[in-house]
Amino acid sequence: MLPELSPEDNDAITTSSKDLQPTLAIIRNPALDILRGMAVLGALFISIWIFGGFSTIQQNELLLQSKGGNYRLWGAMELLLDGKMRALICIVFGAGMVIFLSQKTEQVTTALPDLFIRRQLWLLGFGLLNALVFLWTGDILFQLAVVGILLFPFVRMNPRALWISATVVTLIYCGKIYWNYADDRTAYAKHTAVLAFEKKISKDSLLAAEKKIPLKEQKKDSLSAQQKEDKAAWEGIVQQHKHDLKAKDNGVKEVRNAEFGKIWDHFLQATQGREARWTYQTGVWDVGGMMLLGMALFKKRFFETNFPKSRYLLLGIACIAVGILLGWYRLQFQQYALRDYTKYVIGHWTPFNLLFPLERAFLTVGYAAGILFLFRSGLLRFVWTAFEKVGKLALTNYLFQSIFCLVFFTGFGMGYFGRLQQYQLYLFALEICIIQIVFSVFWLRYFTYGPAEWLLRCLMHWKWLPIKTHNKKSPASALPIHL
Amino acid sequence: MEFVASHPADNESIIPIENTEVVSSSAKISNGHSPHPVETADRIHTVDMVRGVALLGILLMNIPVFGIDWSVANSVLRGPSTTTDFRTMAVIFTFFDGTMRGLFSMLFGAGMVLFTLNKKQVPGGVSVAEYYYRRLLWLVAFGMFNAYILLWEGDILFYYGLFGMLLYPFRKLAASWLIIIGILCITIGMFKNVWWFQQTRETRANYLSAVAAEKEKKKLTTKQEEAKTAWDNIIKSQAPDTVKINKNIQTMRSDYGSIFKHFIPRNSGNETWGTYHGIWDMLSMMFIGMGLFIMGFFSNKLSTSTYGMCLLVGYGLGIPIGYIFFKGAVIDSQDIARYVDAYSIPHWVLYDGRRLLLCLGHASLIMLIYRSKVVPWLMKALANVGQMAFTNYLMQSIICTLFFFGYGFGNYNKLSVHQLYYVVGTVWIFQLIFSSIWLKYFRFGPFEWAWRSLTYWIKQPFVKRENKISES
């Protein structure tokens, strides 16, 4: 059986380690490490689409076919993992913020808020490194850093206020999705008005020709600039939603370019779009809502060992069921929208992805509860150990994924971008997962911190710190849970 | 002192202005704890004074954006250099472009140091850092309110709120380090400018080679075709588009709803890219402001000869560079092709250096005027404006949008460039008088009061104490 740890024990460990460790070390929570490990590995199975060149166009093609093994594989991944692993990372990050900021301060020379903000700023640096040097356009560290700073004043809130904040933020996210769609509907309405006008003037001119009305007396028979603009606006929107096979190999040539500078140029726009536009319009709500949820869950003792097992089971089943249901419907409607966007806009008040934020939240919480239930039940222990180790080295592993993929897929390395089938991409991701699990297990035998984690700690404290703590009672491995 | 510091807000409630936080808390600290730099009335006064000047001055640069379509200003720049409008622009741009925002950013950095240092903290209570970050989150919200609701597309509060969040870990650094970091930020901004310009030059070079190939009757490759259209697009984006301009003017003279909708994409675009690329512009000045404040520059602690030197160097170098910069902008707006062909480095690299010099000049000038005691009433009034800077800034948005936009008096694009500055003068006089009267009766400006109450999440005292007594 796993030893249960009461909060008092926790304190005892912290105080006993006071004299051993001049600077603070984070008390590791195995539940959080497991979830973090799983999220980092799971996220790769979605990121690999972008890393490996499995484009949206190809995905849309599968969605339109809606049959065959390839479609099922993609559908399953999209439904089960897309966005959910990012959400899990954010939830764990939010919980980690609470832990970080509620450490016992007497151990520390620098005030906790200072350390926290410094850590976030260095994390921002890591995010920029990941995006601009390792060329991972989908980097999440940048947003974790920025939104983490924004949410710093929320850490103190009580669980109820956090819960409300998370709900409000998620609803705003839904609202923004709806709002964008409403703009499309307005554009369509304007477009129909212009078409009607066009019809009328062509009729008028026919009539005029019949009745031989002199040219001067004819009404204005061409569209105004505004009308032309309105017409073009909607046509542009339809074009965006249309499935266009011709654009299939877009970007392949650029990514397979052997020159690093050229690949960098190619990715720059996507990276900036992600860091600036996506963060401003979506990321704050996307990442922020889940972080707040993570804080709320942590304060509700969701990640602690005395959270009732039955509740894990109940939450797990219920949330996963709701999440999959929502996702299933979303995919149906997504397909309609893809098939004929005009028809979709006429027929539907709401966009297909209106409830995506909720789908994501439910599924993610469901996963977390399910995993923690299995973990607490002592089932599949080796899996959780593996995840825990990966989770302890989450930052290192996350960055290494970018490096692996940079070397494997771009022309700077082996140039496999766009060359692998969907299932082959997943196999590649699986290989990386195995490598990372083995690496993490071995690394942690000799060191306490992963290389990137150690570097972050050194930067945060602005001094050299040991990469391993010799004393077995050290806080880093303080929790007596050895699976 | 009859207060017991049970709540952090009490620390500041004795005297209404922000800067006196230092006075009140340090007065308490000096009872028991370590001694503290001398707080004089001067010190409070001068910081507010400079802030007041910056606040009023910022309208000099903002008024064209409020009042006219930018194409009007552009056509003035393209026209003869003898018109009143051209001369007005020459003076404004040479002396003030970016400098008032610069000073404002510097004082924001200074205010950051004031806010966080010397605050007593109740063990286990809400930390200074939390108040600081709450305050800035609310500032971000006020900024969005200013941009999206009051419809001021040039809002800076949003950015100040966000960038201020990065300053916190730097607050205890030595002044020299802060200034070095500030200059580093300027350098990054400069590099970005040069890099962008190089890209434009590259587009131009590709275009020229494509055109040369065309002249030799060679068939153009798709790449050359692309190069041609890329440059044509740049030219097109520079040329005035009458349809667009007229539509803009028409919208700005219409009702609130239309302008609101018109501004949504603009505001979100501004806030997205202004944050991402504009960060160095403000962050650099904030760091330098923190450094200068710690050195005592804004608190009237340096010698008269030092301020004199700063004035001399700041204006002596800043004004000529400013004029060169303005000339560059004129050539650029007249003919971008000629500009790109003529210069390998854009005039923009001068922007921040020039701005920094002029900021030093302006601030030193204010300090010297203050010391000379020539116009004490004006200095007092400026300090009042600075004390209510937040209110006055938002009030400028309210006044100007009401004056120019269609749902108010609808004067958009009706004044010529130099006439706009009559409006500026009027607003200045109004704000100088209004602030002085308001602060006679109230502790804070109304928006300061709201901001403070939101930050501490408790209603702050508003009306001045003496009045309360006299009422009772």
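What follows draws every value from the coordinates through simple rules; no lab data is involved. Everything numeric in this text was worked out from a predicted model, so none of it was measured. Positions of Cβ are backbone-derived with ideal geometry, glycine not excepted, and every protein chain shown enters the neighbour counts.
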Estimated inter-spin distance, A:W328 and B:A212, nm [label 7 Å along Cα→Cβ]: 6.6
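Assuming R0 = 25 Å, can you tell me the calculated FRET efficiency for the pair B:V374 and B:V313, based on Cβ-Cβ distance, to the nearest 0.05? Write down the numbers at each step before the final one.
Values: r = 23 Å, r/R0 = 0.90.
Computed FRET efficiency for B:V374 and B:V313: 0.65.
Here are some pairs, A:K300/A:K389; A:K231/B:K236; A:K228/B:K244; A:K199/A:K242; which of them have Cα atoms lying more than 19 Å apart in this structure?
On the way: A:K300/A:K389 25 Å; A:K231/B:K236 22 Å; A:K228/B:K244 13 Å; A:K199/A:K242 26 Å.
With Cα atoms farther than 19 Å apart: A:K300/A:K389; A:K231/B:K236; A:K199/A:K242.
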Between B:F442 and residues 5 or more places away or on another chain, the pairs with built amide H atoms under 5 Å apart involve B:K464
Separation between the B:D255 and A:L171 pseudo-spin-labels, each 7 Å from Cα along Cα→Cβ, expressed in nm? 2.8
What's the whole-number percent of alpha carbon pairs in segment B:407-450 lying beyond 15 angstrom? 61
Using the Karplus curve 6.51 cos²θ - 1.76 cosθ + 1.60 with θ = phi - 60°, what ³J(HN,Hα) values do you get for each residue of segment B:228-242, in whole Hz, with x for Gly and Pro? 5, 5, 4, 5, 4, 5, 4, 4, 4, 5, 7, 6, x, 9, 4
Given the candidates A:I324, A:A232, A:N257, the one whose Cα lies deepest towards the positive end of the charge dipole of segment A:230-353, counting +1 at each Lys or Arg C-beta and -1 at each Asp or Glu C-beta, is A:I324
How large is ³J(HN,Hα) for each residue in segment B:385-400, as worked out from phi by the Karplus curve 6.51 cos²θ - 1.76 cosθ + 1.60 (θ = phi - 60°), to whole Hz, x for Gly and Pro? 4, x, 5, 9, 4, 4, 4, 5, 5, 5, 5, 4, 4, 5, 4, 5
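Taking 0.36 nm per intervening residue step and subtracting the Cα-Cα distance, what contour gain separates A:R381 from A:L207 on full extension?
Working: separation 174, 0.36 × 174 = 62.64 nm, distance 8.25 nm.
Working it through step by step, the gained length comes to 54.4 nm.
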Which one, B:A174, B:F326, B:A54, projects farthest toward the positive side of the charge dipole computed for segment B:8-471 from Cβ point charges (K/R +1, D/E -1)? B:A174
Please report the base-10 log of the normalised intensity I(q)/I(0) for segment A:268-421, using a Debye sum with one equal scatterer per alpha carbon and no solvent, at each q in 0.17 (1/Å). -1.25
With the 8 Å Cα cutoff and a minimum separation of six or more residues, chain A has a relative contact order in percent of 32
Could you check the spin-label model distance between A:A161 and B:W273? Points 7 Å from the Cα along Cα→Cβ, value in nm. 3.9
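So what's Rg/Rh here for chain B, counting alpha carbon atoms and using the Kirkwood radius for Rh? If you can, show how the numbers build up before the last one.
Numbers: Rg = 24.3 Å, Rh = 24.2 Å.
A ratio of 1.01.
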Identify the trypsin sites (Lys or Arg not before Pro) of segment B:387-472 meeting these criteria: DSSP loop state and at most 16 other C-beta atoms within 10 Å of the C-beta. B:K414, B:K459, B:K464
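With N residues in the protein assembly as shown, what two-decimal value do you get for its Cα radius of gyration over 2.2 N^0.38 Å? Walk me through the numbers on the way to the answer.
Details: Rg = 30.8 Å, N = 955, 2.2 N^0.38 = 29.8 Å.
Compared with the compact-globule rule of thumb, the protein assembly as shown sits at 1.03.
Run lengths n ≥ 4 of DSSP H only: what is the helix-derived mean residue ellipticity at 222 nm for the protein assembly as shown, with -39500 (n - 2.57) per run over all residues, to the nearest 500? Don't jump to the answer; show the numbers that get you there.
Numbers: 38 runs with 682 residues, N = 955.
-24000 deg cm²/dmol, from helical runs alone.
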Local net charge near A:G283, Cβ-Cβ under 14 Å (Lys/Arg +1, Asp/Glu -1): +1
Which residues in segment B:202-223 have a backbone N closer than 18 Å to a point placed 7 Å from the Cα of A:L268 along the Cα-to-Cβ line? B:202-207
Entries of A:K203/A:K343; B:K172/B:K373; A:K176/B:K228; A:K262/B:K247 with Cα pairs more than 31 Å apart: B:K172/B:K373; A:K176/B:K228; A:K262/B:K247
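Over all directions, how big on average is the projection of the convex hull of the alpha-carbon atoms in segment A:337-397, in square nanometres? Don't skip to the answer; put the middle values down first.
Numbers: hull surface 27.7 nm².
That works out to 6.9 nm².
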So, R0 is 30 Å and r is the distance between the beta-carbons of A:K300 and B:W457; what FRET efficiency does that work out to, to 0.05? 0.85
Evaluate the Debye formula for chain A with equal point scatterers sitting on the alpha carbons, no solvent, and hand back log10 of I(q)/I(0) at q = 0.08, 0.11, 0.13 Å⁻¹, in q order, two decimals. -0.55, -0.96, -1.30
